[in-house]
Structures are given as structure tokens and as C-alpha cells.
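Participant: Below: one structure in C-alpha cells.
What follows is calculated from the coordinates using simple rules that are stated; it is not laboratory data. On a predicted model such as this, the values are computed, not experimentally measured, just so you know. As a convention, Cβ positions derive from the backbone with ideal geometry for all residues, glycine included, and neighbour counts pool all protein chains shown.
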Amino acid sequence: MGTKETQARILATALKLFNAHGTGKVSPGRIATACGVSKGNLNYHYRRKSDLILDLFLQITEEIDSRWKDDPVHPSMEHLSFLFFRELRLMWRYRFFYRELVPLLRDDPVLRRRFGDLRRRRTRDGQKFLDGLLARGYIRRLGHPDEFALLTTNTWLLTNHWLNFVESTGQMDEQALHRGYLVMLNMIRPYATELGLRDFERLADPRIEVEPT
């Protein structure tokens, strides 16, 4: 097995174990055993557990940067719904990271810096998307200073900390995605125009899986 294939296998195994048990309860030796490599081979690729976590975060950023970069050119209520579901699904796939976000960032300055870079890019793109909805008549301003910047910050906070809230309720399951989607969508409701509200109730049905337009 080549180096890249081995790294991919290690990362996939680590992600599965971290999601199931948390990073604190998963040792490098346990990861090595689960993916069928020696401890020495694992150490060759990842000397520290924090290196594994950083590479998993880089997978997140690579997916976002490669596949999400054109979102602001599709400003519609349907695409907004798609964006919410897509982000929640990503966070469910890497749920260990978002459950442990604060301590992971606190303990690793490199990860903290890279996460800060991602946050700035995503909030900038989020504001561009809202500006596009405004230009097309789907949403309106309510007259508060910096309201779209604050709305973007609110959605960022909700998505990044939603799984922590859900876990505190004892309802950590895939239905958490639907509940989070409804909460996020409801944040947009006060800003929707009559045109935007036309599809709002349909989009608020969590059984609907909206595809990008």
C-alpha cells in the first residue's frame, strides 16, 4: 500500500473512532490496530494525535474551498436551503471536531489559526450570498446597523455549535440535522420578502431534500 493510500486509511479510521468515542479516548495505538498498520508505520505518517486532527480539519477546508466557492453566484431561497443542509451534513461527518471545537482550538495554535482563516472566508462568502438574495428581492433589510454581518455571524455560531447543543439534550442522532436546519431557516424568516416567503413554508418542511439550483 502506497503512502497516500496508507494516510487515507489512517485518517478514515481515526475519523470513525473520534466520532464514536471522542479524541481523548482514542490513542494512536488504537488507531493503528483498527486500520491494520503497525504503530511504527502510524508514527511515520503522524507523530502526534494533533497532526491527525489537523489533517482531518484540512479535509474539511479542502471540501469547502473546492466545492463551495461558487455559492454566492446562486442566490435563491432554494439554494439557501441547500447550503444549510450541506453544512450540517459536513458537520455530522466530522462531528468529533465540532463537538470538541473549543478545546481543540485552545490546544493547537496552528489549528486555531487555520480555523480563523476559514471563519473569515466563510463569513465573507455568507455576506455576499445575503447581498445576492437582497439584490434579487428575496430578502430585505430591517434597518439595523450591520444586520447582515450579524446575521452571518449568528448562522456561523449556530452551525458550529449546534451539535454541542444537541448533545446536551441527549438527542444526538441524524435527526439533529433536520432540527438544526429548521432553526437556521427560521433565522431568515424575518428578513424574507413576499417573494422570498413564497417558497418559505415549503422549504421549512424538513422532509424536503433541496438540491442546488
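Participant: How far apart, in nanometres, would the label points at residue 118 and residue 102 be if each is projected 7 angstrom from Cα along the Cα-to-Cβ direction?
Facilitator: Once both label points are built, they end up 1.9 nm from each other.
Participant: What spacing in nm lies between the two simple spin-label points modelled at residue 201 and residue 66, each 7 Å away from Cα in the Cβ direction?
Facilitator: So the two model labels end up 4.2 nm from each other.
Participant: Please work out how much length the chain gains when fully extended from residue 54 to residue 186, using 0.36 nm per residue of separation minus the C-alpha to C-alpha distance, in nm with one decimal.
Facilitator: Working: separation 132, 0.36 × 132 = 47.52 nm, distance 3.32 nm.
Using 0.36 nm per residue and subtracting the Cα-Cα distance, I get 44.2 nm.
Participant: Now a separate question. Could you give the distance between the Cα centres of region 1-58 and region 76-148, to the whole Å?
Facilitator: A separation of 28 Å, based on Cα centres.
Participant: Going by average Cβ neighbours within 10 Å, how do the peptides 73-80, 27-34 rank, with the highest at the top? Walk me through the numbers on the way to the answer.
Facilitator: On the way: 73-80: 18.6, 27-34: 16.0.
My ranking of the peptides, most packed first, is 73-80, 27-34.
Participant: Cross-link candidates for residue 39: which lysines have Cα within less than 30 Å, leaving aside residues fewer than 8 places away along the same chain?
Facilitator: Of all the lysines, those that pass the test against residue 39 - Cα under 30 Å, at least 8 places apart if same chain - are 4, 16, 25, 49.
Participant: Can you give me the long-range amide H partners of residue 26? Hydrogens built in the peptide plane at 1.01 Å from N, cutoff under 5 Å, separation of 5 or more residues or another chain.
Facilitator: none
Participant: Additional query: Please report the relative contact order for the chain, taking Cα pairs under 8 Å with a sequence separation of at least 6, and give it as a percent rounded to a whole number. Spell out each step's value before the answer.
Facilitator: On the way: 167 pairs, mean separation 53.7, N = 213.
Once normalised by length, the contact order is 25 percent.
Participant: Also, I was wondering about something else. Report the percentage of all Cα-Cα pairs in the chain whose separation exceeds 22 Å, rounded to a whole percent.
Facilitator: Working: 12382 of 22578 pairs.
Pairs farther apart than 22 Å: 55 percent.
Participant: Sticking with this one: With the dipole of the chain worked out from charges on the C-beta (+1 for Lys and Arg, -1 for Asp and Glu) around the Cα centre, which of 160, 8, 64 lies farthest toward the positive end?
Facilitator: Ranked along the dipole, the leading option is 8.
Participant: Of the listed peptides 83-91, 148-156, what is their order by residue-averaged count of other C-beta atoms within 10 Å, with the highest listed first?
Facilitator: Values: 83-91: 19.8, 148-156: 16.4.
Ranked by mean Cβ neighbours within 10 Å, highest first: 83-91, 148-156.
Participant: With +1 on the Cβ of every Lys and Arg and -1 on the Cβ of every Asp and Glu, and nothing else charged, how large is the dipole of the chain about its Cα centre, in debye rounded to the nearest 20? Can you show the working numbers first?
Facilitator: Details: 34 positive and 27 negative charges, 159 e Å.
In debye, rounded to 20, the chain gives about 760.
Participant: To the nearest 20 Debye, how big is the dipole of region 1-47 about its Cα centre, given +1 on the beta carbon of each Lys and Arg and -1 on that of each Asp and Glu? Before the final figure, lay out each step's value.
Facilitator: Details: 7 positive and 1 negative charges, 19 e Å.
Approximately 80 debye in magnitude.
Participant: Mean-square fluctuation check for the chain, GNM, Cα pairs under 10 Å: which of 69, 16, 128 is largest?
Facilitator: Highest fluctuation among the options: 69.
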